[in-house]
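The structure appears right after this line, and notes come after that.
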Amino acid sequence: MSWFDSHCHLKTFWEKGELSAVIQRAQNASVLGMVTVGTSPKDWNIYSHLATEYQEMVYYSIGLHPGYVDEYWEQNTKGLRSFWDKPLPPVAFGEIGLDYFRLPSEEGKRNRMIDNQKAAFTKQLEWAKELDCPVIVHSRSAFDDCVNLIDASGLAWRNVVFHCFSEGAVQLNALLARGGVASFTGIVTFKNNDFLRQTLRLHPFEKLMLETDSPYLAPVPKRGKQNEPSYLSHIGEYLAENLQINSCELAAKTFRATRKFYRLPI
Ligand SMILES: [Zn+2]
């Protein structure tokens with residue numbers, strides 16, 4: 001049995017000196033691959049280094065998360081493109097996108113922030129299109145704008161995953177109809193999240209990806225603790241039972257779908 005954590009952030013573990021134990025626990029839990037996802041220039045070099053150190057176990061993506069976009073976004077994305085010239089390039093751009101959840105209340109500031117987020121997202125989509133590279137989308141309270149900017153970019157939708165999906169059937173179908181996919185975190189294990197479990201059922205299994213988004217969003221039965229990639233097995237086991245399918249089959253399908261999406265050898 002092998003699970004794949006399609007989206008985690010390893011920086012915290014690395015800084016605390018816990019990373020090798022975290023990777024060991026992941027392997028013990030049959031989590032045999034993970035993508036550590038960049039958010040700002042502060043983690044890109046760390047992740048590039050980790051992917052080299054833990055080859056065939058850790059892969060990395062880099063991008064400027066909308067939460068880190070400000071008026072200096074152009075300067076802060078300067079070094080981004082050159083990572084694709086490295087011997088071990090990132091497997092994706094991400095996470096990038098739009099986050100309208102926490103915007104300033106003052107209208108002028110608010111509009112400037114939205115404009116900056118859109119501009120930074122558009123620029124990174126342009127590079128992704130040029131490189132025909134997968135993109136991990138962070139969308140919070142901004143689904144339609146994200147979809148519209150991706151449409152406008154001309155990036156092939158088979159390169160697009162909306163991570164930590166928490167929208168409904170209409171939005172999921174909008175992604176699937178275009179050829180995009182969604183990935184699901186441990187929030188699908190939360191007791192009162194039947195709505196999301198119903199949505200997940202509409203996603204084709206052959207393209208389904210699971211993620212911890214660790215160190216955030218620990219799943220049941222670890223809720224409230226620091227999340228880590230080994231907990232992907234809890235998400236998988238929970239879902240297998242909930243969907244009444246064999247957990248080995250779910251592991252195999254999601255493992256394959258993830259490697260295929262990130263264009264890793266299968
Ligand atoms: Zn994330």
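Return the only residue of ASP151, ASP70, ASP132 being acidic (Asp, Glu) and closer than 30 Å to TYR54 by Cβ.
ASP132
Filter the stretch 169-187 down to residues that are buried (at least 22 other Cβ atoms within 10 Å of the Cβ) and part of a helix (DSSP H, G or I), then give me how many there are.
Of the residues in the stretch 169-187, 2 are buried (at least 22 other Cβ atoms within 10 Å of the Cβ) and part of a helix (DSSP H, G or I).
Does ILE235 satisfy the criteria of being among the hydrophobic types (A, V, I, L, M, F, W, C) and in contact with a Leu (Cβ under 7 Å, 6 or more places away or on another chain)?
yes
Restricting the search to the stretch 56-96, which residues are more than 23 Å from VAL31 (Cα to Cα), in a loop (DSSP other than H, G, I, E, B) and of a type in the set (Val, Ile, Thr)?
Matches in the stretch 56-96: VAL69, THR77.
Only one of ASP5, ASP43 is among the charged types (D, E, K, R), surrounded by 19 or more Cβ atoms within 10 Å (Cβ to Cβ) and touching a His at 6+ places or on another chain (Cβ under 9 Å); which?
The unique qualifying residue is ASP43.
Step by step: first the residues of the stretch 221-263, then only those that are within 16 Å of the chain's Cα centre (by Cα) and assigned to a loop (DSSP other than H, G, I, E, B), then the one that is surrounded by the fewest Cβ atoms within 10 Å (Cβ to Cβ). Which residue is that?
If we take residues in the stretch 221-263 being within 16 Å of the chain's Cα centre (by Cα) and assigned to a loop (DSSP other than H, G, I, E, B), then ARG263 is surrounded by the fewest Cβ atoms within 10 Å (Cβ to Cβ).
Quick one: in the stretch 189-220, of everything that is assigned to a loop (DSSP other than H, G, I, E, B), within 16 Å of the ligand (Cβ to nearest atom) and touching a Phe, Trp or Tyr at 6+ places or on another chain (Cβ under 8 Å), which residue is nearest to TRP3 (Cα to Cα)?
So, considering only residues that are assigned to a loop (DSSP other than H, G, I, E, B), within 16 Å of the ligand (Cβ to nearest atom) and touching a Phe, Trp or Tyr at 6+ places or on another chain (Cβ under 8 Å), the one nearest to TRP3 (Cα to Cα) is GLU211.
Could you list all residues from the stretch 150-168 that are more than 16 Å from the ligand (Cβ to nearest atom) and buried (at least 20 other Cβ atoms within 10 Å of the Cβ)?
Correct list: ILE150, LEU155, ASN159.
Need at least 2 residues that are within 16 Å of the ligand (Cβ to nearest atom) per element, so show me which helices (runs of 4 or more DSSP H) inside the stretch 1-55 make the cut, counting only ones lying wholly within it.
11-15, 41-53
Bear in mind that the values in this text are calculations on the coordinates, not laboratory data. The structure presented is a predicted model; accordingly, all values stated were derived computationally and were not measured. When we count neighbours, we look across all protein chains shown, and the Cβ atoms used for this are built from the backbone with ideal geometry, even at glycine.
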